[in-house]
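Asks: The following block contains the structure, expressed as structure tokens.
The values are calculated or read from the model by the stated rules, or taken from the named source; none is laboratory data. Just so you know, these numbers come straight off a predicted model, no measurement behind them. We place every Cβ from the backbone using ideal geometry, glycine too, and count neighbours over all the protein chains shown. Just the protein is used for accessible areas: all its heavy atoms, side chains included, with ligands, DNA and RNA removed. Shrake-Rupley method; radii C 1.70, N 1.55, O 1.52, S 1.80 Å.
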Amino acid sequence: MKRDSSASDLVKLSYFADMAKRITSAYTVSETIKALQHHIGTIFSPRNWSILLTEPESGKLRFQEVTGEGADKLRGQEIPRGSGIAGWIARNALPLIVEDVSKDPRFDPSMDELIGFTTKSIIGVPLINRGRVFGVIELVNKLDGTSFSPLELKTLVTIAEFGAIAIEKAYYTAALKRIAMTDPLTGALNRRGMEKSLERELSRCKRKSAPVTILMFDVDHFKEINDTYGHIKGDEVLKELADVLKKNVRKADIICRYGGDEFAVIMPEAGPEKAEFVKNRIQAHLAIENDRREFPFGVSIGIHSGEPDTLADIFDSADKALYFEKTRKIEMDIDNLSTNLPEFL
């Protein structure tokens, strides 16, 4: 008997070791959720179960993955901070078994009403690591109609611990990638981030037979701004330009610092008409802001729209458009100079 017990313990230990390896080796939140799905489906028999992730700013819980009845309706739904059983688990960072939700005042029936479901019992655990709650795993109604057991709760806590470690790692990995692709001065994508974004958007637009447009910007007389007022003021100009772009482009557009005082805005599924509208709006916004600025500045903007096969094509065309715009401005400055020159003679 002792030998059989020892063998059984080794099998259990081996299973949990393999489970830990599979879950914690995930590199993204999506991969982590898939691993959690596999093990929860193997060990437990709930009618419905969900993985809810915490929204960092609001503290709301979002149904990230749902399995069972009404899954399509539930996925993406949000629960207010601290609301319901899942909200209580997240707020208190504690696991919980509720054998009969009808007798528990913490239960919120709104999600049942949304999908036409009747929750009877719940087992839930926080996805928590080093004191930070990333979300909640919630299982609803066992298939055989019985209540969840303390052993099942302990097993789910173990799975959640592995999941929280993997999710935290995925968040840090994603943060490092964002840092590597972001310009620290302006918060726009850097050139590396821009190229990756453009490759992705070009591929997507080609699949949909949709155009993509690039707006190229640079600050007029930027060297003179640096030479006259110093590089700190030059940096302020770049940050202000990035802020103006963020306020005047679409949510789908991607803002990038191409290099130096040059910026680019990638506009997926947008033709030249939309780009011209955005260009005029940016110029108008700059003109209004310049009336209040200590150091007013202008920008030149080049537009290229099309469906080129290579990155080089699209940037070459946008650069040519930008060069044409700057040349036109220089010619206008020269014309103004010749007109006003007699005043100084």
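Asks: Roughly how many Å is it from the Cα centre of the range 58-72 to that of the range 129-175, as a whole number?
Replies: Cα centroid of the range 58-72 versus Cα centroid of the range 129-175: 14 Å apart.
Asks: Residues of the range 91-115 with the amide nitrogen closer than 13 Å to a label point 7 Å from the Cα of Glu69, along Cα-to-Cβ, please.
Replies: Counting backbone N atoms under 13 Å from the label point, the list is 112-115.
Asks: Mind checking the full-extension length gain between Ser25 and Ser149? Use 0.36 nm per residue of separation minus the Cα-Cα distance, one decimal, nm. Please report the intermediate quantities before stating the final value.
Replies: Values: separation 124, 0.36 × 124 = 44.64 nm, distance 2.88 nm.
Contour length minus Cα-Cα distance gives 41.8 nm.
Asks: Rounded if a/c is under 1.5, else prolate if a/b is larger than b/c, else oblate: which is the range 100-238, with a ≥ b ≥ c the root eigenvalues of its Cα gyration tensor? Working shown, then result.
Replies: Values: a/c = 3.25, a/b = 2.42, b/c = 1.34.
Prolate, since a/c reaches 1.5 and a/b exceeds b/c.
Asks: Further, regarding this structure: If I take the Cα coordinates of the range 207-249 and project them onto the principal axes, what are the three extents in Å, biggest first?
Replies: Largest first, the range 207-249 extends 48, 18, 13 Å along its Cα principal axes.
Asks: Over the range 37-181, give the accessible area per residue in Å² for a 1.4 Å probe, as an integer. Intermediate values should be presented prior to the final figure.
Replies: On the way: 7280 Å² over 145 residues.
Value returned for the range 37-181: 50 Å² of accessible area per residue.
Asks: For a Förster distance of 35 Å, can you work out the FRET efficiency between the beta-carbons of Ile115 and Asp18, rounded to the nearest 0.05?
Replies: On the way: r = 34 Å, r/R0 = 0.97.
About 0.55, to the nearest 0.05.
Asks: Please find the FRET efficiency linking Ile288 to Lys239, where r is the Cβ-Cβ separation and R0 is fixed at 25 Å, and quote it to the nearest 0.05. Intermediate results must be reported in sequence, preceding the final value.
Replies: Numbers: r = 18 Å, r/R0 = 0.71.
Efficiency, from the Cβ-Cβ distance: 0.90.
Asks: State the percentage of accessible surface on the range 59-112 attributable to carbon and sulfur atoms; use a 1.4 Å probe and exclude ligands, DNA and RNA. Don't skip to the answer; put the middle values down first.
Replies: On the way: 1330 of 2890 Å².
That share works out to 46 percent.
Asks: On full extension of the chain, what length is gained from Glu57 through Tyr171, given 0.36 nm per residue of separation minus the C-alpha to C-alpha distance?
Replies: On the way: separation 114, 0.36 × 114 = 41.04 nm, distance 1.47 nm.
That pair, Glu57 and Tyr171, stretches by 39.6 nm at full extension.
Asks: Give me the percent of accessible area attributable to carbon and sulfur for the range 215-307, probe 1.4 angstrom. Don't jump to the answer; show the numbers that get you there.
Replies: Values: 2300 of 4510 Å².
Answer for the range 215-307: carbon and sulfur cover 51 percent of the accessible area.
Asks: Could you provide, to the nearest whole Å², the per residue accessible area of the range 243-300 with probe 1.4 Å?
Replies: On the way: 2830 Å² over 58 residues.
On a per-residue basis, the range 243-300 sits at 49 Å².
Asks: Quick one: if the Förster radius is 22 Å, what FRET efficiency do Lys247 and Phe295 give, using the C-beta to C-beta distance and rounding to 0.05?
Replies: With a Förster radius of 22 Å, E is 0.70.
Asks: Give the distance, in whole Å, between the Cα centre of the range 96-126 and the Cα centre of the range 216-273.
Replies: Centre-to-centre (Cα) distance: 51 Å.
Asks: Could you tell me which of Ala175, His221, Met194 has its Cα farthest along the dipole of the range 169-245 towards the positive end, charges placed at Cβ (Lys, Arg +1; Asp, Glu -1), taken about the Cα centre?
Replies: Positive-end residue among those listed: Ala175.
Asks: Sticking with this one: How long is the gain from Asp227 to Phe277 if the chain were fully straight, where each residue apart is worth 0.36 nm and the alpha carbon distance is subtracted? Walk me through the numbers before you get to the answer.
Replies: Details: separation 50, 0.36 × 50 = 18.00 nm, distance 3.31 nm.
Extra length available between Asp227 and Phe277 comes to 14.7 nm.
Asks: So which trypsin sites (Lys or Arg not before Pro) in the range 118-151 end up in coil per DSSP with only 14 or fewer other C-beta atoms within 10 Å?
Replies: Working: sites: Lys120, Arg130, Arg132, Lys142; in loops: Lys120, Arg130.
Loop-located and lightly packed - Arg130.
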